[in-house]
1. What pairs come up if the first residue lies in segment 100-120 and is in the same structural domain as residue 138 (by TED's automatic domain parsing), the second is among the aromatic types (Phe, Trp, Tyr), and their beta carbons are under 7 Å apart, counting only those six or more places apart or on different chains?
2. Kindly indicate which of 171, 191 is touching a helix residue (DSSP H, G or I) at 6+ places or on another chain (Cβ under 6 Å), within 27 Å of residue 254 (Cβ to Cβ) and assigned by TED's automatic domain parsing to the domain that holds residue 121.
3. Take residue 272 and tell me if it is over 19 Å from residue 92 (Cβ atoms), of a type in the set (S, T, N, Q) and at pLDDT 95 or above.
4. Specify the residue that is surrounded by the most Cβ atoms within 10 Å (Cβ to Cβ); the eligible residues are those in segment 153-184 that are part of a helix (DSSP H, G or I) and among the polar types (S, T, N, Q).
5. May I ask you to list the residues in segment 108-119 that are crowded, with 16+ Cβ neighbours inside 10 Å and either of a type in the set (A, V, I, L, M, F, W, C) or under 19 Å from residue 140 (Cβ atoms) (or both)?
Amino acid sequence: MIASDDVYPVIKKESEEFQRLYQKAHVTLLESSTRDAIVQLLNDSVKIVAVARDLNDEERNVIKKYSMNVETYKVAYDGAVVLVNEQNALQEITVEQLKEILLGSLKVWSNAGVKGNLSRIVVAMGGPNSGMYEYIHSRIAGGKPFAPVIMPCESNEKVVEYVAQHSNAIGFVAQAWIDRTPAKTRIVAIGDPNFKRDTTATKLEYFLPMQAHIYRNYYPLRRTIYLLRNDQTTGVSLGITSFIASAPGQKLFLASGLVPATMPVRLVHIQSQ
């Protein structure tokens, strides 16, 4: 089994718990980029992958051409978390501003509303083979080429490290890697001018990547976590797929800060006294 870097920490927990419960089962879990994981699946080098995006048109054409039977399962939702350095006063940003940064029309922090900060903006995220890169390229940049503002990083950990060390950086990190705000960084709230909770809303709202906001689809950068399975047998690959989709497996997503996709979620409303 291969898990993309985006979701590896939580899938590792799933794998370990599955093997603890079913001690005769053995899962070899590897970590790779999203694109490589799917290539390995389509080459029949691995039976199951966990990634933070669905198959793209090119991959679906390969499946169709070779009459493959790849099963797709939605198992959880996460958020693309936006980080800035703690020295950056930025608290919130819109999807449109993020697009302007990525396409190069918004170049310095003062133009993003950070008074007096003339630092040139640098964007840290995974490289072109990562699920995060593909998601941001599609969701925010609209498929247009990025401006030369990207600092490609080999892992989510490296993105966090870069943002923590560079006051002019902004980074995109998978939620599975963020148990709490990393040292020397700040999580930024995101607003989407095209979104309103209801027809009476008039003010632009900003949301942090909290589970409740992701569940309700309020957080603008919500992603879907998929299991992709290329195995017609009823062996271990089916077993771990069934476990991850079951209540015990879904609770591990919940405990890791993600949102389960196959079981009901109970929201607890806490009223102030």
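1. If the second residue must be among the aromatic types (Phe, Trp, Tyr), the pairs left are 102/146; 117/109; 119/109.
2. Working: 191 fails: touching a helix residue (DSSP H, G or I) at 6+ places or on another chain (Cβ under 6 Å).
Result of the check over 171, 191: 171.
3. Values: over 19 Å from residue 92 (Cβ atoms): yes; of a type in the set (S, T, N, Q): yes; at pLDDT 95 or above: no.
In short, no.
4. Here the residue is 175.
5. Kept after step one, since they are crowded, with 16+ Cβ neighbours inside 10 Å, are these residues of segment 108-119: 109, 112, 114, 117, 119.
Scanning segment 108-119 gives 109, 112, 114.
The values are calculated or read from the model by the stated rules, or taken from the named source; none is laboratory data. Given the structure is predicted, the values throughout are model-derived calculations rather than measurements. Using ideal geometry, Cβ is built from the backbone for each residue, glycine included, and neighbour counts are taken over all protein chains shown.
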